[in-house]
Amino acid sequence: MVAEYLSVLVFIFAGIGIVLFTFLLSKLIRPHNPYPKKNANYECAEEPVGSSWFKFNNRFYIFALIFVIFDVEAIFLFPWAVAFGELGLYALIEMIIFILILFFGLFYAWRKGALKWV
Amino acid sequence: MDMFQIVLDELSARPVFWFLSIIMLVSGFMVVTLKNIFHSAIYLILCLFSVAGIFILLEAEFLAAAQVLIYVGAVAILMIFAIMLSTNVSGKKTMTTQNGLPVAIISAVFALGTIALVIMTKLNIVMRGSDGFISKGLWIGEKGQLPTENIMLIGKYLMTEYMLPFEVISVLLLASMIGAIALARNERS
């Protein structure tokens, strides 16, 4: 069973190797000529303003928190989905109850304006 | 499972285990020693990833998926968010103190002792049912089951025997979500 994951390991090493290889190769062939404009961060061809180390908007945090909750919910969907074929309607009702209870949370967040970008 | 597969499993498991443990320990060490808190968070992600690898070695694939999805995908990202949201601490060296050294040593010894105790008491059970390095046969089902079978069993048990705890989980999640929203709203006002 574990041997099936050998391909994952090979993939990880190949991923690291390709990145290292390209960095090394570009270091070997490119001319060394740094100037401020060239050293600037690449932002989709927009000129960057200020440093990239800046304080993010606080509003992102509440979205991240809600995301964590629904991430945990999503992980429970996987075993349910795999076992669904054997369990049928009964499992469907249980999962609907599970999701409905969490839906109250989403409703609460919505009504309290936590999802609003003010 | 044919003989070749079993031999390959046993041969590959041990070096991979050492490889993953070394990555885990080194990255864990980096998390607590690095001066840049953002780099610490990145190393924490690497550490959590290698824990997922260990779970796969133990044939606990669902746990590995949960580890990657929840710890790497959500909790670590939340930590990075928290770092980026906090006052301009990111990118700068963090202040470190050694005032809490005695407490740290005591808690480290306590934690290690607890883990050692658990391993020593559990190991007998694991070794008895297993054939060597990996604790095979500890799972509810039969030996050498397909990985999807593990997840299937978890799903089945969640839906039948552990139905009430399963529904309570959603209430717990609901409570934590409402708590998080209430706290975050208080902060803002």
Among the residues of the range A:66-75, is there at least one that is of a type in the set (Gly, Ala, Ser) and part of a helix (DSSP H, G or I)?
yes
Please tell me if residue A:77 is more than 9 Å from chain B (Cβ to nearest Cβ), within 30 Å of residue B:154 (Cβ to Cβ) and in contact (Cβ under 8 Å) with a residue 12 or more places away in the chain.
yes
In the range A:80-107, what count of residues is obtained for those that are at the interface with chain B (Cβ under 7 Å from one of its Cβ atoms) and within 26 Å of residue B:80 (Cβ to Cβ)?
2
Answer residue from the range A:44-74, given it is touching a residue at least 40 places away in the same chain (Cβ under 8 Å) and facing chain B (nearest Cβ under 7 Å) and is farthest from residue B:71 (Cα to Cα) among those:
A:62
Please determine whether any residue of the range A:25-38 is of a type in the set (S, T, N, Q), in contact with a helix residue (DSSP H, G or I) (Cβ under 7 Å, 6 or more places away or on another chain) and over 29 Å from residue B:154 (Cα atoms).
no
Just checking, does the range A:7-14 include any residue being under 25 Å from residue B:38 (Cβ atoms) and either of a type in the set (Asp, Glu) or exposed (fewer than 10 other Cβ atoms within 10 Å of the Cβ) (or both)?
no
Could you check, for the range A:61-76, whether at least one of its residues is more than 24 Å from residue B:77 (Cβ to Cβ) and surrounded by 13 or more Cβ atoms within 10 Å (Cβ to Cβ)?
no
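FYI, it's all coordinate maths here, none of it is from the lab. None of these values were measured; they are calculated from a predicted model. With ideal geometry, Cβ positions are generated from the backbone for all residues, glycine too; neighbour counts draw on all protein chains shown.
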